[in-house]
Amino acid sequence: MFGIGTKNIGIDLGTANTIVFAEGKGIVLREPSVVAKNTKTGEVVSVGSEARDMIGRTPASIVAIRPMKDGVIADYDTTVAMMKYYIQKALARKTGKPYVMVCVPSGVTEVEKRAVIDATRVAGARDAYVIEEPFAAAIGAGLPVMDPTGSMVVDIGGGTTDVATISLGGIVSSRSIRMAGDKIDEAIIYYVRQHHNLLIGERTAEQLKMDVASASIEAAKELDSQTIRGRDLLSGLPRTIDIEAVDVAQAIQEVVQEIISAIKETLEETSPEIAADVIDHGIVLTGGGAQLRHLPEVIADATKVPVFIASEPLDCVAIGTGESLKSIEVMKKR
Ligand code: ADP
Ligand code: MG
């Protein structure tokens, strides 16, 4: 047992969202990974959803920062400030420092991993441990990770898509590509700018993605068009346009194809036994990006393997990270 009354916690430190799991309680906090700071004093103005609402809308005195980029820490001090806030919030009035398990994408460098461990300690952890994100995602999705059978999980977040096959408690083959939700948003912004001379913000692009984006150009023909607002590049004035779902699908196709390539490459690297297991169990999608319309069908079509979305895809990594807290006791003895 650790300090009386102190719950150990698991943190899914994502590029888009930070989710905290407290031992014995489950998920206690879900917030965007955004911090608003005063540009002059460096003081934190707000953290989480309040800060996210400020993105693209800040006066000169405030800046809304997303401290994580492509799955790793891009702004160390801001990440520490954010984690400190979330750890305190998750523990409420509990005293004592918790042990913290944090996930990192597969394929990060030792330096990037170190940065996560250091930031977590500075933010108030008694000690910090890391778990590979696809492994956590697989546990959270309820896959039989410890069994002598191959499972495949594809976690599509904001910054990275992590693909992995897992068997007997370990990752057999994996790929992490910096192509996920954020790149889809960027592709939409680029498309609207090129074809409509309209500049739209990050939040507008993300909303458009959630409303009409589809992984399948064919299936998008059945979807309605959507009205969006932005700034006209020529006149500099606000303008409203209608955009067809099929055009949005076209705009994001490159990112979708990159994700499919990563899945195919990972499958190609696995042993025939594991490939056979994956055909039996199917590929499981987790992360917010798993909710992109028609994505399971498109991946299934390209790989000839059945594809499913995990229940609560956004929470899988946090649940798996929380579950793995049970192994901290073991890790400490190493
Ligand atoms: P991370 O682990 O990197 O923080 P998440 O797993 O929390 O990422 O997923 C966030 C990403 O999922 C964002 O890019 C968000 O735009 C995207 N997303 C959330 N809901 C949907 C949806 N319905 N369709 C497509 N993308 C979505
Ligand atoms: Mg994630």
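The values are calculated or read from the model by the stated rules, or taken from the named source; none is laboratory data. No experiment lies behind these values; they were computed from the predicted model shown. All Cβ positions, glycine included, derive from the backbone under ideal geometry; neighbour counts span all protein chains shown. Accessible surface areas use protein heavy atoms only, side chains included; no ligands, DNA or RNA. Shrake-Rupley method; radii C 1.70, N 1.55, O 1.52, S 1.80 Å.
Taking a probe of 1.4 Å, how large is the accessible area per residue of the range 62-208, in Å²?
Here the per-residue accessible area is 40 Å².
Above 17 angstrom, tally the Cα pairs of the range 123-200 and express them as a % of all pairs, no decimals.
In whole percent, the long-distance tail amounts to 58.
Run the accessible area of the chain with a 1.4 Å probe and give the carbon-and-sulfur part as a rounded percent.
51
Going Cα to Cα from Lys84, which lysines come in below 20 Å? Please leave out same-chain ones fewer than 8 positions away.
Reachable lysines: Lys7, Lys25, Lys37, Lys69, Lys94, Lys97, Lys113.
How big is the range 171-211 by Rg and Dmax over its Cα atoms, in Å?
13.5, 46
Can you compute log10 of I(q)/I(0) for the range 12-91 with the Debye formula, treating each Cα as one identical point scatterer, at q = 0.23, 0.26 Å⁻¹?
Log10 I(q)/I(0), no solvent term: -1.05, -1.26.
Evaluate the distance, in nm, between pseudo-label points positioned 7 Å from the Cα of Arg126 and of Gln291 along their respective Cα→Cβ axes.
Going by the 7 Å Cα→Cβ label model, 3.6 nm.
At q = 0.07, 0.09, 0.15 Å⁻¹, what base-10 log of I(q)/I(0) does the Debye formula yield for the chain when every alpha carbon is treated as an equal point scatterer in vacuo?
-0.30, -0.50, -1.24
Using only Cα atoms, figure out Rg for the range 255-334 and give it as a multiple of 2.2 N^0.38 Å.
With N residues counted in the range 255-334, Rg over 2.2 N^0.38 Å equals 1.32.
How much accessible area per residue does the range 272-333 have, in Å², with a 1.4 Å probe?
47
Restricting everything to alpha-carbon atoms, can you work out Rg to Rh for the range 111-263 with a Kirkwood hydrodynamic radius?
Rg/Rh for the range 111-263 comes to 1.10.
Convex hull over the alpha-carbon atoms of the range 46-154: what's its volume per residue in Å³?
Here the figure is 149 Å³ per residue.
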